[in-house]
Structures are given as structure tokens and as C-alpha cells.
Amino acid sequence: MHLFIAQFVDTVTQGIIPDGGVLVDVNGMIQAINTSNFFEINHPELFLEAKKYTGIIVPGFVNVHCHIELSHLKNKIPQGGGLNLFLANLEQHRKDDNETIISAAKEALFEMEKEGIVAVGDICNSTIVAKILSHTNLYIHHFSEAYAIDATKAEAAFAKAKTTYDVFDGDRKSIVPHSPYSVSNLLMDKISEHNIKFQEITCIHNQETEGENEMYVSKTGETIERLQMWGLNLSSFNPTGKHALYNFLPKLAKAKHVLMVHNTFTTKEDIIWAMENFDNVFWCFCVRANLFIENKIPPIELFLACDDKICIGTDSLASNQSLSIIKEMKEIQDYLLEKGVKESSIILLQMLLKWATINGAKYLCIDKTMGSIEVGKRPGLCLLENIGENFLITNDTYIRRLI
Ligand SMILES: [Zn+2]
């Protein structure tokens, strides 16, 4: 048994305990949560041995969107050039040797553990990286992406995604559509059939650019121009007059959960329609990647009415300087304050912690064991140190891994 005492314990689901303590067994399973006074009276020997921390004990973080396989691209792609340039650079740099790719992926796993992350939703399209991902303490759900906007290639694209998918044992895996601009209706139907059969969670890069909206509304704009420039056969693509989600969400209605990643150009109308019609939809923000690629932050303030469905991701080291959930939280906090969000900063911190822990755990279907500090769970424990005045995350705030 081990007792951790701190200025505050944020259980996430059961509120904040000032001057609180968490008792865990040798496996990290939570046995009791209470005030330090309670432990001093009821477990005096443990209380004497316990370390007393300055800061807030929080559960381990859930990073719902990452591409560990792209870690070798850190500092290789210039910032702020937009998605078109980013994708072109990605292709150019993608072919590093296997050793470089694997050692960068291992380093990324290590970095995430250090940053207090306990569970990851990871996009993995490479059988090379797939093989090392089983040797980690992190809980990883693997997403194999299918992509081909040309409907005649749907069969082959699905088979390719299935090759990586089959490398992983167990059921922490899904075949998912990459994005609306890279998946034909036929391919989306194939993924949907697979979803219905295996009841998997799914995810999709959504509305990362305005060009994607234009593509679906009128088959014009920079996304369609890029696909044309790449020489892709677009004859099977027909615009719908509406944003892409009105087309693909009904096809993913049977998936256990759908994670909409980025949402940089999602409108209030889109959010209301999605939330009214689909109870399996979650939203993921990777703001530092959006700043890196498009230099734009999604309109997060429009999503606050569905804040039980908001999660946080880091995206990859190709478009981010680090894989740190606390840094993502700071960026979101600063953005919301700038937008004049009225909540007090402690309420804001509690909301962001919820997005970074239990909401992600719910999306990944691991909330029975992770995502909050509750008796019987093994969420991992972290210490939020150097939190600023009024509970604001500052540049000096950092995470220390306790267990
Ligand atoms: Zn991504």
C-alpha cells in the first residue's frame, strides 16, 4: 500500500478534495480517497511514510489522437504552410529507414509516459511500427486508416488497412476512414459494414480545412484542386451541397463511438445537427497541431454545450513539438479565456481535466478502469505542479508522474 498526499486531489468525477490523499495498492489500484486528516487518524503508519506534495493529484491523461508512426518527422516539416504543403512534405520525408522510424516511435512512447499519459488512440498504418507498439506500459487502441477517394480503389484500400489491422492481437483495434476528402462513399460503406460486424469505435479527421467544406458543398476549392493535382480519379465524387459530416455520419451511425478529429472549420449548425442525431459522436481537439499546420484554432467555444463529449489529442510529432496533454490544455485554456469564457479558472481547469481524462477514457471504452480517481480503478496518478494563481495553467506548469 502507498499513500499520496497533496494540496488538492482532483478525482475528476467526484470533485476536488483539498488537502487530500489517495491510497493505492502495489498494482496501482485505488483503495481509498479521503482527506489527509482521515488518513492521519485511520492509517497513522501510512500517513507518516507518505510523501506530501505541493500541487494537484490528477488521474493519468488519455491522448485520443496520435500518430506514433510519424514521430521520426519531428522538426522536419516547416510550420504554418497549410495542410496542402504539410501533406506534400509528409510524403517527401516519409521514407526514412526502419531503424530511425522505430527508435523515434519508442522515444515518443517514453515521452508520453513521462508526460502522464496512460492511454492513447493511435493511428497506425505501418506494419513496421505496429510490431513495437505491444511493448509498452501505455494502453493503446490501434486505428488502421483506409483511404482512396477513387471508388474503383475501395476494395484494395480496405484490404491494405486490414493488413495492418491484422498485425494487432486482441480487440483494441479498428479500421477507420482517414478523412472525408480521402474516402469514397463505397469505401465508407465497406468500413461501415466492418463496424457493424465488430462493433468497433472509429475516428475520422474532420473539417481540418475550409477546402474540405467547399469540396463537399460544390466540388471546388483548394482540397479538390490538390486531389486533381495529384492526378486522382475524382469521377466518382459528387458534391452534396452540405458539409461532409452530413454524408458520412449516417454511415458511421452503428459504430460504437465516432471521434471527430480537428473540427477547425466546423460550424455551430454542424455541431447541433451531429449532437441531435448521433449519440455516439465525440469531438477531439489537437490545437497545437492546428496552430502548426493552419495557424488556426478550432471554434472550441461553440462546443461547450457538449463538453461531456470533448477529448484532447496531441496529433503527431510531424505537426507538434511535443506529445504533451498539459501543453494542449494550456493552449485551449488561453484560447477560451481570450474568447471571454466566463467560468472561474478553477472550473475551467476542472473542465479541461475532464476532457483530458474521463472523456477520452469513455471514448476508448476504458472508463471502468481509467480516466478518474475512484476506488477500484487503476487510472495512474500524476501531480500537476507549479499551477499558477487562481488555478491557471502557465508555461511553468508541469506534470510529474507519481505512478
Ligand atoms: Zn491525425
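Observations, loosely collected:
- Take 359-367, 253-261 and order them by the average number of nearby Cβ atoms within 10 Å per residue, most first; the result is 359-367, 253-261.
- To the nearest ten degrees, helix 154-167 and the longest principal axis of the Cα atoms of the chain are 30 degrees apart.
- Residues whose amide H lies under 5 Å from that of residue 124, counting only those 5 or more places away or on a different chain, are 143, 144, 145; hydrogens are built 1.01 Å from N in the peptide plane.
- Set of lysines near residue 95 by C-alpha distance (under 30 Å), chain-local residues within fewer than 8 positions excluded: 74, 76, 106, 114, 131, 153, 160, 162, 173, 190, 296, 327
- Between the C-alpha center of the stretch 225-285 and that of the stretch 191-208 there is a gap of 12 Å.
- Burial ranking of peptide ranges 299-307, 55-63 (average Cβ count within 10 Å, highest at the top): 55-63, 299-307
- Between residue 9 and 17, 19, 20, 57, the built amide H atoms are under 5 Å apart, and every one of these is 5 or more places off in sequence or on another chain.
- Relative contact order, percent, the chain [alpha-carbon distance under 8 Å, six or more residues apart]: 21 percent
- Once the Cα-Cα distance is subtracted from the 0.36 nm per residue extended length, the residue 159 to residue 7 segment shows a gain of 49.4 nm.
- Amide H contacts under 5 Å for residue 296, placed H, 5+ residues apart: 291
- For the stretch 1-95, trypsin sites (Lys or Arg not before Pro) are listed when DSSP marks them as loop and at most 14 other Cβ atoms sit within 10 Å of their Cβ; the list is 95.
- The stretch 61-370: C-alpha gyration tensor shape, a/c 1.5 cut-off, then a/b vs b/c: rounded
- Helix 325-338 axis, angle to the chain major axis (alpha carbon atoms, nearest 10°): 80 degrees
- Cα lying deepest toward the dipole's positive end in the chain, options 57, 248, 352, charges on Cβ: 248
- Sparse packing (at most 16 other Cβ atoms within 10 Å of the Cβ) combined with a DSSP loop state is found for the following trypsin sites (Lys or Arg not before Pro) in the stretch 180-219: 219.
- On Cα atoms only, tilt of 345-356 relative to the major axis of the chain in degrees: 60 degrees
- Placing unit charges on each Cβ (+1 for Lys and Arg, -1 for Asp and Glu) gives the chain a dipole about its Cα centre, and among 46, 132, 373 the Cα reaching farthest toward its positive end belongs to 132.
- Residue order, fewest to most surrounding Cβ atoms within 10 angstrom, among 184, 103: 103, 184
Since every read-out is calculated from the coordinates, none of them should be taken as a lab result. None of the values given here were measured: they were computed from a predicted structure. Note that we place each Cβ from the backbone using ideal geometry, even for glycine, and neighbour counts take in every protein chain shown.
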